Amino acid sequence: MRARYGVPLTLTAVGAAGLAYAAGFEVRSFRLRRVTVPVLPRGMRPLRVLQVSDVHMVSGQRKKQRWLQSLAGLRPDFVINTGDNLSDPEGVPETLDALGPLMEFPGAYVFGSNDYYGPKLRNPARYLLERAQGRHGLNGNAPAVGVVHNPWEELRDAFDAAGWVGLSNSRGRLKLEGIEIALTGLDDPHIKRDRYAEVAGGPESGADLSLAVVHAPYLRSLDAFTADGYPLILAGHTHGGQLCIPFYGALVTNCDIDTDRVKGLSTHTAAGHTSYLHVSAGCGTNRYTPVRFACPPEATLLTLTARD
């Protein structure tokens, strides 16, 4: 009996243990990553930017709410929210409660598909199939039918009331004690809401720094921002792969970016220009797949320093 059933039983036990870890511990093991990016003009003081992404709030996630609230203790110069705040149509009040202390700081935001639409139950293995077939979101799949509409307008109105700058296919500025930050953003490319022609033209003259912001790091958006000369692009969406293989990394990115750049700081080159790219692994998950493995939930404190 040991010869016939020993290995299958061992594999089953290991799989069960891994699932228990992914769903019971790591998905709530919130981390802060710190990254330094040399993009400022010489002589300019460093700036501390807190990037929060992919909160995917579901009612009752108290530990996540408390952790997000605690990030205000970092005292960032400004906050960038790269979308997908919701995973529950009833989650707006708790999302705003969690982000409330951060909304006391200057900030800006873009929305992701899950701010607009509620998630649907689907087989996680489909992400692997879609990657192999080159299909991602509405960029290669049929339009979503019968989806739940989230109350994103309530979220937008609260962010705007706090003074955060909405960047969905638009530009805006933040003023920080004599420093002006110009921001250019896109609506979510994952559901084909991006309209780069409406914001094209590159960094603004007169600003001390220009940044680009988008939820999903699709190559067409990264190419456009980079070709226009933005020094730094901030994005989310990928969840860092969410279910990764230790010592190997992510299997999917849920967009057309390569898995080597699924999270963290990298570079992107287009039309003879090179930009820094930071992709946040985010701090939440789709409500139907509340697991993470070898990819803990995170926010990132980016310290922007002077160029070499």
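The values are calculated or read from the model by the stated rules, or taken from the named source; none is laboratory data. The model shown is predicted, which means the values in this text are computed figures rather than measured ones. Please note: Cβ atoms are built from the backbone with ideal geometry, for glycine as well, and neighbour counts cover all protein chains shown. All accessible areas refer to the heavy atoms of the entire protein, side chains included, with ligands and DNA or RNA removed. Shrake-Rupley method; radii C 1.70, N 1.55, O 1.52, S 1.80 Å.
Beta carbons closer than 6 Å, at least 6 apart along the sequence or on distinct chains, pair a first residue in region 189-210 that is over 13 Å from Ser168 (Cβ atoms) and open to solvent by 30 Å² or more (accessible area, probe 1.4 Å) with a second that is of a type in the set (S, T, N, Q) and not in a helix (DSSP H, G or I) for Pro203/Ser210; Glu204/Ser210.
Selection of region 37-55 for residues being out of contact with any Cys (no Cβ under 9 Å at 6 or more places or on another chain) and either part of a strand (DSSP E or B) or aromatic (Phe, Trp, Tyr) (or both) yields Val37, Pro38, Val39, Leu40, Leu47, Arg48, Val49, Leu50, Gln51.
Tell me, please, whether a residue that is out of contact with any Gly (no Cβ under 9 Å at 6 or more places or on another chain), modelled with pLDDT under 90, open to solvent by 30 Å² or more (accessible area, probe 1.4 Å) and assigned to a loop (DSSP other than H, G, I, E, B) can be found in region 123-132. Can you show your working first?
Going residue by residue through region 123-132, those that are out of contact with any Gly (no Cβ under 9 Å at 6 or more places or on another chain) are 123-129, 131-132.
Still in the list and also modelled with pLDDT under 90: 123-129, 131-132.
With the extra rule that they be open to solvent by 30 Å² or more (accessible area, probe 1.4 Å), the set shrinks to 123-129, 131-132.
Among the residues that remain, those that are also assigned to a loop (DSSP other than H, G, I, E, B) are: 123-124.
The answer is yes; a qualifying residue exists.
Within region 220-236, the set of residues being within 20 Å of Asn81 (Cα to Cα) and open to solvent by 10 Å² or more (accessible area, probe 1.4 Å) comprises just one member, Pro231.
Of the strands (runs of 3 or more DSSP E) lying entirely inside region 256-308, those containing at least 2 residues that are within 17 Å of the chain's Cα centre (by Cα) and either more than 29 Å from Pro203 (Cα to Cα) or without any contact (Cβ under 8 Å) to a residue 40 or more places away in the chain (or both) are 264-270.
Condition first: farther than 26 Å from Arg66 by Cβ and either out of contact with any helix residue (DSSP H, G or I) (no Cβ under 8 Å at 6 or more places or on another chain) or open to solvent by less than 30 Å² (accessible area, probe 1.4 Å) (or both). Can you find one or more residues in region 278-297 that meet it?
The first filter runs over region 278-297 and keeps only residues farther than 26 Å from Arg66 by Cβ, leaving none.
No, there is no match, as no residue in region 278-297 is farther than 26 Å from Arg66 by Cβ and either out of contact with any helix residue (DSSP H, G or I) (no Cβ under 8 Å at 6 or more places or on another chain) or open to solvent by less than 30 Å² (accessible area, probe 1.4 Å) (or both).
In region 94-107, is there at least one residue being at pLDDT below 95, surrounded by fewer than 24 Cβ atoms within 10 Å (Cβ to Cβ), in contact with a Ser or Thr (Cβ under 7 Å, 6 or more places away or on another chain) and outside any strand (DSSP E or B)? Scanning region 94-107 turns up no residue that is at pLDDT below 95, surrounded by fewer than 24 Cβ atoms within 10 Å (Cβ to Cβ), in contact with a Ser or Thr (Cβ under 7 Å, 6 or more places away or on another chain) and outside any strand (DSSP E or B). Being in contact with a helix residue (DSSP H, G or I) (Cβ under 9 Å, 6 or more places away or on another chain), under 13 Å from Ala108 (Cβ atoms) and not hydroxyl-bearing (Ser, Thr, Tyr) is the filter; apply it to region 148-170 and report the residue that is most open to solvent (accessible area, probe 1.4 Å). For region 148-170, the residue satisfying everything is Arg156.
Among the residues of region 217-245, the ones that are of a type in the set (Val, Ile, Thr) and under 12 Å from Thr267 (Cα atoms) come to 2 in all.
To keep it simple, each residue is scored yes or no on (1) without any contact (Cβ under 8 Å) to a residue 12 or more places away in the chain; (2) open to solvent by 50 Å² or more (accessible area, probe 1.4 Å); (3) in contact with an Asp or Glu (Cβ under 7 Å, 6 or more places away or on another chain).
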| residue | (1), (2), (3) |
| --- | --- |
| Arg33 | no, yes, yes |
| Val37 | no, no, no |
| Gly43 | no, yes, no |
| Val52 | no, no, no |
| Lys63 | no, yes, no |
| Leu68 | no, no, no |
| Leu74 | no, no, no |
| Phe78 | no, no, no |
